[in-house]
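Engineer: A single structure is presented below for examination.
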């Protein structure tokens with residue numbers, strides 16, 4: 001390195017920007033991303049479909065920071081009064097904004113990807129499903145495009161006012177997905193968290209990727225046009241802006257389906273006459289599901305009331321199957337990233353076995369108080385049975401309901417067999433429970 | 001490198017003709033551009049530095065025709081321009097500022113450090129190279145601006161009021177720098193200060209009514225000023241006489 005080069009303070013990694021202008025937002029983005037994903041590192045059932053969608057979902061606030069940083073850089077370094085930001089200078093129109101945005105996007109996007117790394121590593125070790133490359137590419141392109149939009153705000157405003165304008169604009173754009181579904185095609189993320197057994201609809205990912213690429217081109221051209229002197233209207237530039245406008249309108253005229261079901265192969269086990277099947281990517285969950293569901297079914301004791309199969313919702317072929325509640329003989333169990341089988345399996349099994357509390361006519365109120373109405377007291381029996389059944393997953397005991405505190409499991413099974421019809425129509429009063437008489 | 005204007009016209013949208021058939025050749029060396037307010041000095045400089053498009057007449061920078069996009073693009077690499085008012089990014093050092101300016105003017109990044117050093121040496125600012133620009137005085141900032149315009153070694157340097165707002169000592173140093181630069185390039189200085197012209201310029205052009213109404217050496221301009229009496233506490237007799245001359249040229253135009 002020559003002595004003259006050594007005197008340049010700016011590092012090639014940041015040049016020509018002061019490092020603090022880039023490191024501060026990058027550090028903030030890293031912290032935000034780690035904070036947003038840290039609690040998920042020990043989640044059960046993580047999978048690549050979920051992670052692929054998280055690349056966009058977790059970017060929602062970091063991209064706002066990146067856009068603000070880009071606006072600040074543009075506001076500070078493209079002001080017309082600066083001796084090195086004169087519009088006639090040969091590199092003012094293209095190379096300068098390119099260099100600024102490359103440095104800002106590289107650091108901010110790099111920090112974001114580093115922040116996502118722990119969750120990616122954990123997901124990779126589980127190996128369930130496969131990454132959705134188009135969704136990831138769309139999210140990362142969107143991150144870059146919205147950061148460039150922040151830079152454009154800075155070039156247009158040429159001052160610090162650009163920062164709140166960019167932050168507000170990009171925050172608004174990333175929030176539109178929660179206003180209505182058509183915005184999903186134009187946003188970093190879907191309005192829900194997809195997981196194994198789903199995938200984005202075929203048109204959605206490529207449309208989003210195309211939109212963000214087009215936005216990048218239009219923003220880049222508009223930025224160059226603003227920095228140019230003398231300025232002239234360009235038909236190509238006008239066409240790019242018009243194309244962005246058309247791609248924004250199109251999904252509102254013809255809404256896309258958001259996700260489609262993509263059931264994989266099933267892994268099954270059988271216990272007590274009930275078949276338990278999960279998506280192959282959830283194979284690790286099967287033992288826990290069987291171990292927690294079987295005692296509940298055993299405690300219920302009426303074999304013909306049990307489901308023929310407990311099936312992972314990730315195996316459903318359509319939403320009707322997965323979300324329409326208990327079928328005649330298949331219990332669809334949602335297994336998703338972050339689920340807790342110790343809480344959800346016993347509750348779901350018990351829910352399946354006990355009658356709908358709506359039949360009690362108590363408006364979902366259950367009470368054993370002295371002034372409680374008869375319907376409310378009968379509802380308490382149903383709730384009590386539900387809690388007692390769920391507690392059997394852990395051997396019963398203290399986790400049960402007060403009404404069933406002294407109940408012997410065989411006694412409860414016998415009572416269920418005997419009063420099954422009345423129980424189903426919510427006609428059993430607390431005083432009738434055999435172990436309380 | 002020569003600046004050649006032939007029958008140059010410029011009309012501001014919805015306004016009067018600012019330049020009206022301006023024909024002038026600026027040769028290498030330091031040339032002063034004088035003229036009353038509103039005479040078209042800033043417009044002419046803006047055309048030379050390609051900020052404004054040439055629509056009527058011809059303007060050449062060497063062989064580059066500034067009425068074409070190709071010509072403007074080629075000319076921009078030969079140009080250095082210090083506007084009358086400019087700002088610096090206070091968080092950058094003097095060296096980083098000048099090196100960045102060199103890169104913005106088209107130099108490769110690896111050459112910028114050396115170019116900055118050379119330019120700072122030319123404007124006698126090497127000892128302040130590592131300071132952040134926010135701590136500089138007005139004269140030092142002006143010299144950083146000149147170094148930024150010089151770093152890519154332009155053949156043509158355009159300075160708009162380079163000594164405006166400086167104290168006498170700073171003005172003297174800037175003049176020394178500009179005079180040195182004029183030895184091997186074309187320097188066009190727009191100014192209101194007759195003293196700048198007297199000490200700096202090998203030739204002078206007086207712009208009035210959109211045309212060059214006088215072109216010659218400073219002694220020739222001086223010769224036109226007949227009556228230099230009337231010295232007062234507020235200015236020299238020559239300054240008064242010069243003002244009258246500019247007015248007279250303007251009226252004639």
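The values are calculated or read from the model by the stated rules, or taken from the named source; none is laboratory data. Quick caveat: nothing in here was measured; it's all calculated off a predicted structure. Note that each Cβ is placed from the backbone with ideal geometry, even for glycine, and that neighbours are counted across all protein chains shown.
Engineer: For residues in the stretch A:94-108 being buried (at least 23 other Cβ atoms within 10 Å of the Cβ) and more than 17 Å from residue A:26 (Cα to Cα), which is farthest from the other protein chains (Cβ to nearest Cβ)?
Structural biologist: Taking the candidates together, the pick is A:97.
Engineer: Here is a further query. Does residue A:91 qualify as being within 14 Å of chain B (Cβ to nearest Cβ) and in a helix (DSSP H, G or I)?
Structural biologist: In short, no.
Engineer: Condition check: surrounded by fewer than 18 Cβ atoms within 10 Å (Cβ to Cβ), part of a helix (DSSP H, G or I) and in the same structural domain as residue A:177 (by TED's automatic domain parsing). Does residue A:55 satisfy that?
Structural biologist: So residue A:55 does not fit the description; no.
Engineer: Please work out if residue A:126 is more than 20 Å from the chain's Cα centre (by Cα) and modelled with pLDDT under 95.
Structural biologist: No, not satisfied.
Engineer: Of the residues that make up the stretch A:13-22, is at least one out of contact with any strand residue (DSSP E or B) (no Cβ under 8 Å at 6 or more places or on another chain), more than 23 Å from residue A:160 (Cα to Cα) and within 14 Å of another protein chain (Cβ to nearest Cβ)?
Structural biologist: Among the residues of the stretch A:13-22, at least one is out of contact with any strand residue (DSSP E or B) (no Cβ under 8 Å at 6 or more places or on another chain), more than 23 Å from residue A:160 (Cα to Cα) and within 14 Å of another protein chain (Cβ to nearest Cβ), which makes the answer yes.
Engineer: Hey, another quick one. Find the helices (runs of 4 or more DSSP H) located wholly in the stretch A:341-437 whose residues include 2 or more that are at pLDDT 85 or above and within 34 Å of the chain's Cα centre (by Cα), and list them.
Structural biologist: Of the helices (runs of 4 or more DSSP H) lying wholly inside the stretch A:341-437, those with at least 2 residues that are at pLDDT 85 or above and within 34 Å of the chain's Cα centre (by Cα) span A:341-353, A:374-391.
Engineer: Looking at B:145, B:80, B:106, can you tell me which residue is at the interface with chain A (Cβ under 7 Å from one of its Cβ atoms) and within 16 Å of the chain's Cα centre (by Cα)?
Structural biologist: Result of the check over B:145, B:80, B:106: B:145.
Engineer: May I pose another question? What residue, of B:121, B:127, is under 30 Å from residue A:16 (Cα atoms) and within 11 Å of chain A (Cβ to nearest Cβ)?
Structural biologist: Residue meeting the stated conditions: B:121.
Engineer: Spot the failing condition for residue A:63; the list is (1) within 14 Å of another protein chain (Cβ to nearest Cβ); (2) buried (at least 23 other Cβ atoms within 10 Å of the Cβ), and only one is missed.
Structural biologist: (1)
Engineer: Among the numbered criteria (1) buried (at least 22 other Cβ atoms within 10 Å of the Cβ); (2) in a helix (DSSP H, G or I), which single criterion is violated by residue A:236?
Structural biologist: (1)
Engineer: Please work out if residue A:35 is touching a helix residue (DSSP H, G or I) at 6+ places or on another chain (Cβ under 9 Å), away from chain B (no Cβ under 14 Å), modelled with pLDDT of 95 or more and crowded, with 23+ Cβ neighbours inside 10 Å.
Structural biologist: no
Engineer: Kindly list the number of the only condition in (1) modelled with pLDDT of 95 or more; (2) closer than 20 Å to residue A:250 by Cα that fails for residue A:150.
Structural biologist: With respect to (1) modelled with pLDDT of 95 or more; (2) closer than 20 Å to residue A:250 by Cα, residue A:150 is out only on (2).
Engineer: Take residue A:118 and tell me if it is within 14 Å of chain B (Cβ to nearest Cβ), more than 21 Å from residue B:91 (Cα to Cα), in contact (Cβ under 8 Å) with a residue 12 or more places away in the chain and surrounded by fewer than 23 Cβ atoms within 10 Å (Cβ to Cβ).
Structural biologist: Considered against the rule, which asks whether it is within 14 Å of chain B (Cβ to nearest Cβ), more than 21 Å from residue B:91 (Cα to Cα), in contact (Cβ under 8 Å) with a residue 12 or more places away in the chain and surrounded by fewer than 23 Cβ atoms within 10 Å (Cβ to Cβ), residue A:118 comes out as no.
Engineer: Now a separate question. Please count how many residues of the stretch A:269-286 are touching a residue at least 12 places away in the same chain (Cβ under 8 Å) and over 17 Å from residue A:127 (Cα atoms).
Structural biologist: Total satisfying the criteria: 8.
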